[in-house]
Amino acid sequence: MPIAFARQLTGPERSQRADRHLGLLLATVAGALNAGGFLAVRQYTSHVTGAVSSMADNLVLGDWALVVDAIAGVLSFLLGAMTCAVLVNWARRRRLRSEYATALLLEALLILVFGLMGAQLAHNEALFVPLTVVLLCFIMGLQNAVITKVSNAVIRTTHMTGIVTDMGIELGKMVYLNRPATDLPPVRANQDRLKLLSGLLMCFLGGGVVGAFGFQRLGYVSTVPLAVVLATLALVPVLDDLRARWRPTL
């Protein structure tokens, strides 16, 4: 992967094109982790909605163990987002080029942990399932916060509800018949936004198919390539900071 491309995707200087490419990549990663994680623990971890609904259901049913599991998932997602904010603001205050890359590098390391240690821990289901849910929810919260900060809340990658809603809005504008005589401006669909939203949805779906297929055939190690790709992208700004730090002053 060319260094300039990696620097463009994860560096501090942002463009709409770079945000779009990073969003598509992260949507693919989220789809793969969500699908592969489901095959591992029978739970989806990319969105908080299901966890909150599970919390409500099991509160009524009196299944306190599942209530605690749902709370742990929500708090892990929240903690992941908080961690991203701390890392970004810490790097930004120090004017580091890795203000976004640090969080992505942490995500890559955590995915690597899941991929390399999952098989060893899977035999202890009572411990493995809660830890895996917590880890994957943390990763999803971390990733969602990264792309939110990078794109100024324009792009989301870990859940598709908002994506499909926004697609419906744009498609509604597209099929709306504007009346010829009116004082209001005509309703126009944002074609570029619709393409981006469609791309995010397709990447999440494609990532899910690849993640499920890979987990079914290879097991936990199938997530290692995801970690390698993210780490490769994130290391470039990190190395830029290290070179700037140790460059001898004249």
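Being at pLDDT 90 or above and in a loop (DSSP other than H, G, I, E, B) is a property that holds for E99. The set of residues from the stretch 26-49 being assigned to a helix (DSSP H, G or I), touching a Gly at 6+ places or on another chain (Cβ under 9 Å) and at pLDDT below 85 comprises just one member, A40. Only one entry in T28, T102 is polar (S, T, N, Q), under 29 Å from G199 (Cβ atoms), surrounded by 15 or more Cβ atoms within 10 Å (Cβ to Cβ) and in contact with a Cys (Cβ under 8 Å, 6 or more places away or on another chain), namely T28. All conditions in (1) surrounded by 17 or more Cβ atoms within 10 Å (Cβ to Cβ); (2) not in a loop (DSSP other than H, G, I, E, B) hold for V68, with the sole exception of (1).
Given the criteria touching a residue at least 40 places away in the same chain (Cβ under 8 Å) and out of contact with any Asp or Glu (no Cβ under 9 Å at 6 or more places or on another chain), does V210 qualify? Spelling it out, V210 is indeed touching a residue at least 40 places away in the same chain (Cβ under 8 Å) and out of contact with any Asp or Glu (no Cβ under 9 Å at 6 or more places or on another chain).
Reported count of residues in the stretch 135-163, each being of a type in the set (G, A, S) and part of a loop (DSSP other than H, G, I, E, B), is 2.
Can you name the number of the only condition in (1) within 19 Å of the chain's Cα centre (by Cα); (2) within 26 Å of I111 (Cα to Cα); (3) of a type in the set (S, T, N, Q) that T165 fails? Going through (1) within 19 Å of the chain's Cα centre (by Cα); (2) within 26 Å of I111 (Cα to Cα); (3) of a type in the set (S, T, N, Q) one by one, T165 breaks only (2). Checking the structure you have, find out if any residue of the stretch 35-47 is of a type outside the set (V, I, T), over 26 Å from A212 (Cα atoms), touching a residue at least 40 places away in the same chain (Cβ under 8 Å) and surrounded by 22 or more Cβ atoms within 10 Å (Cβ to Cβ). Within the stretch 35-47 (the criterion being of a type outside the set (V, I, T), over 26 Å from A212 (Cα atoms), touching a residue at least 40 places away in the same chain (Cβ under 8 Å) and surrounded by 22 or more Cβ atoms within 10 Å (Cβ to Cβ)), the answer is no, since none of the residues qualifies.
What pairs can you find where one residue is in the stretch 229-248 and farther than 18 Å from W90 by Cβ, the other is modelled with pLDDT under 90 and exposed (fewer than 14 other Cβ atoms within 10 Å of the Cβ), and their Cβ atoms are less than 6 Å apart, with a gap of 6+ or different chains? Sorted first by the residue in the stretch 229-248, then by its partner, the pairs are T232/M1; V236/I3. Taking (1) polar (S, T, N, Q); (2) crowded, with 18+ Cβ neighbours inside 10 Å; (3) out of contact with any Ser or Thr (no Cβ under 7 Å at 6 or more places or on another chain) in turn, N89 satisfies each apart from (2).
Residue count for the stretch 88-138, restricted to those that are closer than 24 Å to T232 by Cβ, acidic (D, E) and without any contact (Cβ under 8 Å) to a residue 60 or more places away in the chain: 0.
Does D166 meet the test of being touching a Pro at 6+ places or on another chain (Cβ under 9 Å) and either surrounded by 15 or more Cβ atoms within 10 Å (Cβ to Cβ) or not in a helix (DSSP H, G or I) (or both)? Judged against the criteria, D166 is not a match.
The values are calculated or read from the model by the stated rules, or taken from the named source; none is laboratory data. Note that this is a predicted model, so its numbers are computed, not measured. Neighbour counts are summed over all protein chains in view; Cβ atoms, including those assigned to glycine, are modelled from backbone coordinates with ideal geometry.
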